[in-house]
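Notes follow once the structure below has been shown.
The values are calculated or read from the model by the stated rules, or taken from the named source; none is laboratory data. Just so we're clear, the structure is a prediction, and the values are computed from it rather than from any experiment. For the accessible areas, the whole protein counts, side chains as well, though only heavy atoms, and no ligand, DNA or RNA atoms are used. Shrake-Rupley method; radii C 1.70, N 1.55, O 1.52, S 1.80 Å.
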Amino acid sequence: MTSSEKILGSDRRNLLVKLLKEASTPIPGRELGEITNVSRQVISSDITLLKAKGQPIIATSRGYVYMHPMIEQNMIEKVIVCNHTSQQTEEELNILVDHGITVKDVKVEHPIYGDLTASVMVSNRNEVKNFIDNIKQTNASLLLELTEGIHLHTIVAKNEQEIINAEDALRKADMLVE
């Protein structure tokens, strides 16, 4: 195959799954498009098809991620309710990751659309910084802005104590809703 030859259809989607499964960091759609010599829009369509076939792929602010089951890694998952301003988002995320937590997503209940969920997928301060920088660069709105600050996070930790410690820190920062 030459470097300008497109990878077609199911072969391309199989390659996307392989690349995402092997990746240790999110892969942007633009990069996947360059690898397969198709546009980012084609990649987006491929990802939608793969999701419809049950592939656990999520789109994050940094690219696509293949979600390996957390159960295999003996991780604990919990949903917490938080309330804070947009300006406190970085502080909230840093509190969580500083306690060993991975923040998988954010959810809000919208009066028209029902539950809205967006991927966050941050596990350390560098990922939090990149997430916040991306929000600022794109001038995107945070979901919590739709609900006057109230939102849910699905969080993942290695053990129950990490979750307890993170909740205590959020409580002290007056961000945890109980």
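For this structure, a couple of remarks:
- Three principal axis lengths of region 1-125 [C-alpha, angstrom, descending]: 51, 36, 27
- In the context of the full protein assembly, VAL97 retains an accessible surface of approximately 10 Å², using a probe radius of 1.4 Å and ignoring ligands and nucleic acids.
- Size of region 24-67 as Cα extents on the principal axes (Å, biggest first): 25, 21, 15
- Computed helical MRE - 222 nm, the chain, DSSP H runs ≥ 4 contributing -39500 (n - 2.57), nearest 500: -12500 deg cm²/dmol
- The residues of region 1-116 expose, per residue, 58 Å² of accessible area to a 1.4 Å probe.
- For a straight C-alpha distance cut-off of 16 angstrom, the aspartates and glutamates reachable from LYS18 (same-chain residues fewer than eight places away being disregarded) are GLU31, GLU34, ASP46.
- Stretch gain in nm, segment LEU142-LEU19, where the contour uses 0.36 nm per residue and the Cα spacing is subtracted: 41.3 nm
- Within the accessible area of the chain (1.4 Å probe), percent carbon and sulfur: 50
- Put simply, the Cα atoms of region 71-178 extend 35, 31, 28 Å along their principal axes, the longest span coming first.
- Taking every alpha-carbon pair under 8 Å whose residues sit at least 6 apart, region 59-178 reaches a relative contact order of 40 percent.
- The alpha carbon gyration tensor of region 107-158 gives principal lengths a ≥ b ≥ c with a/c of 1.5 or higher and a/b no greater than b/c, which makes the shape oblate.
- Volume per residue that the Cα convex hull of region 66-120 spans, once the total is divided by residue count, Å³: 113
- Accessible area (Å², 1.4 Å probe, nearest 10) - LYS136: 140
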